[in-house]
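Read the structure below first, then the notes.
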Amino acid sequence: MKKLITLLIIFLFVHSFCLYADVVESFDDGDPMAAGHKKSSGIEERSFEIGLANFDVNFANNFLSIKEVLQDVIYIDIDKLADGFKFNFGLNATPFYFSIKSKKGWGFGLSANVDAIGILGLSGNMLTISQAEEDKSDISGALFASATVNTLFNIWKLKVNINPSLFYTLAYITSSPKYTLDYPNGTTVLCIDYDMRLYTGFLLDDPNYTLTSKPGLDFNVGIEYQLAKEIGLNKILPFLDFDISLNLINIPFIQSSIIDYTEISGRVGSDKPIKLLNNDEDTPDFFSSVESESKTGKEEIKVSRPFKLIARLDWRPLLGAKLLTVSPVFGFSINNLYYEPFSVEWGINGCLNLANFFLVKAGINYTDRVFVNSLGIVLNLRAFELDIGVDLRSQEFVQSWTGNGLGVNFGLKFGW
């Protein structure tokens, strides 16, 4: 059983290395990178809702398309290796949630969530054996389980969501391999240093799998303001009817901690002159200079979930009609699983809303360092709602249209 659990964790975070696709649990059905949360006249919103089996799973790479992988013979363009190899995996699952919403603008809900992130980014210099000094690569991942309290209320003219989450870090991988190739005084120095730690929130050799990690606490906060209506702009220019909103995701308050780890470290090559092929007994070659060590231990580390700040504008260009909503978004993310944590996020999204009965959503976004081209449909019968979506994605824009990555989301909602 210990080997099975270990293999499962490695599969999630190394073999299947994401996009962490953050989905904000709010009463707007509100991913801030999406449009269409405004309801048109038609089927009335549910005042009580239960969600089951909602999930979003995705993967992306910048090197091979799905079509190329499925061929009998895989052709590799060596020139592409200069840009490095990137692979991301993401999973967000909400097995259950419920929410209660009042027509007076307040609401309450609870949800349980599981999030997995896998990141693999190999240096182009290392893959092409180019000259570099301590050139870093990304190999990292995380598995979180959380319980969230969702609240909705109005303050003055603002619509506010505040959603605190208690979360546990169940697994966490840290690694930053360093590659060096140099030619001091006509000699060759070539080495790859690696030190990977897999932290687990429970002891793998404990048959009861007692939880050893400590929980953390963070918050999602969303603020929405009907700007065009409040300043009267939509009356003067009806086609300029829009709202603005700001979403802060995973604001850290108390970090989770995790203690138990398995470490694999070592070096391939040497920081002293070597020969690529050894013809000299006094000079080691690259392949004979291998050091490796594996150990287990305890060392507490503090973990926060990736933070995002996203600003969104919801524009209804058809003279204010909620039939069509166009939503540009812009913001940034801080994800400590990368050795360069900061990244910019942006996108443009649209939603066609037919009487709140049938909705079509589409978007082009750069989120979690991946270009995502998405299409989704919603069938809403009030007592029952079905959400289905697919997307094409990649770390490169052109390749995001050629099948280098795929995402699927699915959700069922019931209520009245």
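The values are calculated or read from the model by the stated rules, or taken from the named source; none is laboratory data. Computed from a predicted model, the values in this text were never measured in an experiment. Positions of Cβ are backbone-derived with ideal geometry, glycine not excepted, and every protein chain shown enters the neighbour counts.
Does the stretch 2-16 contain at least one residue that is farther than 30 Å from L110 by Cβ, surrounded by fewer than 17 Cβ atoms within 10 Å (Cβ to Cβ), among the aliphatic types (A, V, I, L, M) and at pLDDT 55 or above? No: the stretch 2-16 contains no residue that is farther than 30 Å from L110 by Cβ, surrounded by fewer than 17 Cβ atoms within 10 Å (Cβ to Cβ), among the aliphatic types (A, V, I, L, M) and at pLDDT 55 or above.
The listed residues are S304, S333, and the only one of them that is farther than 24 Å from I259 by Cα, modelled with pLDDT of 95 or more and among the hydroxyl-bearing types (S, T, Y) turns out to be S333.
Would you mind listing the strands (runs of 3 or more DSSP E) fully within the stretch 134-210 where at least 1 residues are under 23 Å from I254 (Cα atoms) and touching a helix residue (DSSP H, G or I) at 6+ places or on another chain (Cβ under 9 Å)? Give the steps one after another, and end with the answer.
Numbers: elements: 138-155, 158-174, 178-182, 188-200.
Result: 138-155, 158-174, 188-200.
Filter the stretch 137-160 for residues that are charged (D, E, K, R) and crowded, with 18+ Cβ neighbours inside 10 Å; which is farthest from P184 (Cα to Cα)? First the steps, then the outcome.
Taking the stretch 137-160 first, the residues charged (D, E, K, R) are 138, 157, 159.
Going one step further and asking which of them are crowded, with 18+ Cβ neighbours inside 10 Å, we end up with 138, 159.
Numbers: D138: 27, K159: 63 Å.
Result: K159.
Restricting attention to the stretch 294-311, the residues that are under 19 Å from the mean Cα position of the chain (by Cα) and either more than 25 Å from L246 (Cβ to Cβ) or surrounded by 19 or more Cβ atoms within 10 Å (Cβ to Cβ) (or both) total 6. Criterion applied to R393, R382, R369 was being touching a helix residue (DSSP H, G or I) at 6+ places or on another chain (Cβ under 8 Å) and of a type in the set (D, E, K, R), and the one residue passing it is R393. Close contacts from the stretch 62-81, counting a first residue that is over 20 Å from M126 (Cα atoms) and modelled with pLDDT under 85 and a second that is surrounded by 10 or more Cβ atoms within 10 Å (Cβ to Cβ) and of a type in the set (G, A, S), with Cβ to Cβ under 7 Å and a gap of 6+ residues or different chains, come to K67/G403.
Checking each residue in the stretch 337-352 for being out of contact with any Phe, Trp or Tyr (no Cβ under 7 Å at 6 or more places or on another chain) and either over 27 Å from Y172 (Cα atoms) or exposed (fewer than 15 other Cβ atoms within 10 Å of the Cβ) (or both) picks out Y339, E340, P341, I348, N349, G350, C351, L352. Among the residues making up the stretch 78-112, those that are over 28 Å from the mean Cα position of the chain (by Cα) and surrounded by fewer than 16 Cβ atoms within 10 Å (Cβ to Cβ) are I78, D79, S102, K103, K104, G105, W106. If you check E385 against the conditions, is it closer than 16 Å to G90 by Cβ, surrounded by 15 or more Cβ atoms within 10 Å (Cβ to Cβ) and among the charged types (D, E, K, R)? No: the conditions fail for E385. Among all positions in the stretch 111-126, there is at least one residue which is part of a strand (DSSP E or B) and closer than 30 Å to K157 by Cα. Among the conditions (1) part of a loop (DSSP other than H, G, I, E, B); (2) modelled with pLDDT of 95 or more; (3) not polar (S, T, N, Q), P238 misses just one, which is (2). Somewhere in the stretch 354-362, is a residue under 30 Å from Y168 (Cβ atoms) and either hydroxyl-bearing (S, T, Y) or buried (at least 17 other Cβ atoms within 10 Å of the Cβ) (or both)? No, every residue in the stretch 354-362 fails to be under 30 Å from Y168 (Cβ atoms) and either hydroxyl-bearing (S, T, Y) or buried (at least 17 other Cβ atoms within 10 Å of the Cβ) (or both). The set of residues in the stretch 61-77 that are outside any loop (DSSP other than H, G, I, E, B) and either β-branched (V, I, T) or crowded, with 19+ Cβ neighbours inside 10 Å (or both) comprises N61, I66, V69.
The criterion of being farther than 30 Å from D241 by Cβ, among the acidic types (D, E) and over 27 Å from the mean Cα position of the chain (by Cα) does not hold for D135.
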